[in-house]
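The values are calculated or read from the model by the stated rules, or taken from the named source; none is laboratory data. Keep in mind that what you see is a predicted model, and the values were worked out from it rather than measured. Heads up, the Cβs are rebuilt from the backbone with ideal geometry, glycines too, and the neighbour counts pull from every protein chain shown. Heavy atoms of the whole protein, side chains included, go into the accessibility calculation; ligands, DNA and RNA do not. Shrake-Rupley method; radii C 1.70, N 1.55, O 1.52, S 1.80 Å.
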Amino acid sequence: VFDYWEEMPFAAASISQVHRARLRANGRWVAVKVQRPGIQEVFARDLGLISAILRRMHYIPGLRFITWDGMVRELERMMGEEIDYRYEAANMRRMRKLLRKHKVYVPKPYRRLCTQHIIVMEFIPGVLMTDYLTVNRSDPARVQAWCNANHIEPSKVGSRLMRSFYRQLFEDNLFHGDLHPGNIMLLRDSRFALI
């Protein structure tokens, strides 16, 4: 599938890491999100502990009105979706389609290459918001020069980002559930992508 694979991940989180690779078929650069080995067992263990605690909550007199079993079932469903990347790939396709009209870019997932444990998506060249914020604290002049060279107005980006989030939440009823600076990519001309 790949004719080039960067062994060192460029991003990592608790349940996965992301590598840059190049598709053999068309030469396009992609980001490959790979689930860490054994994460399903870790989730199952954690869910067992949480379930045991929640099932005992109904013994507390002031909390008997809460349906703890229903809460455990919902938690099981949510955790199952969290570790099955096919759900994430499907949500990416939906968000990509919905946010296009808002001029927000979402990377294209390569459906035939996505599995329960792997997501292959378009690689987006840009600057992560986390890097922008870090450098802006230590070297604001450098950031200003970069913004000028790339036609980026931070206030315009912030305003568009907030409007997009409100539209996702109140109009589209599908919103980015992990919106933080590490999942926002700054692009030229005050545009951004949601990772």
- request: Among the numbered conditions (1) in contact with a strand residue (DSSP E or B) (Cβ under 7 Å, 6 or more places away or on another chain); (2) farther than 17 Å from residue 118 by Cα; (3) surrounded by 11 or more Cβ atoms within 10 Å (Cβ to Cβ), tell me where residue 11 comes up short.
  value: (2)
- line: Subset of region 14-47, residues modelled with pLDDT of 90 or more, among the polar types (S, T, N, Q) and either in contact with a Pro (Cβ under 7 Å, 6 or more places away or on another chain) or loosely packed, with under 15 Cβ neighbours inside 10 Å (or both), comes to 17, 26
message: Quick check on residue 106: is it in contact with a Leu (Cβ under 7 Å, 6 or more places away or on another chain) and either surrounded by 13 or more Cβ atoms within 10 Å (Cβ to Cβ) or without any contact (Cβ under 8 Å) to a residue 40 or more places away in the chain (or both)?
response: yes
- prompt: What residue, of 123, 175, 165, is of a type in the set (Phe, Trp, Tyr) and either open to solvent by 60 Å² or more (accessible area, probe 1.4 Å) or in contact with a helix residue (DSSP H, G or I) (Cβ under 9 Å, 6 or more places away or on another chain) (or both)?
  reply: 175
statement: Inside region 62-102, the number of residues satisfying the requirement of being out of contact with any Lys or Arg (no Cβ under 7 Å at 6 or more places or on another chain) and in a loop (DSSP other than H, G, I, E, B) is 7
query: Residues in region 62-71: is at least one open to solvent by less than 30 Å² (accessible area, probe 1.4 Å) and among the aliphatic types (A, V, I, L, M)?
result: no
message: Taking the condition of being surrounded by 15 or more Cβ atoms within 10 Å (Cβ to Cβ), part of a helix (DSSP H, G or I), within 25 Å of the chain's Cα centre (by Cα) and not basic (Lys, Arg), how many residues in region 144-162 meet it?
response: 3
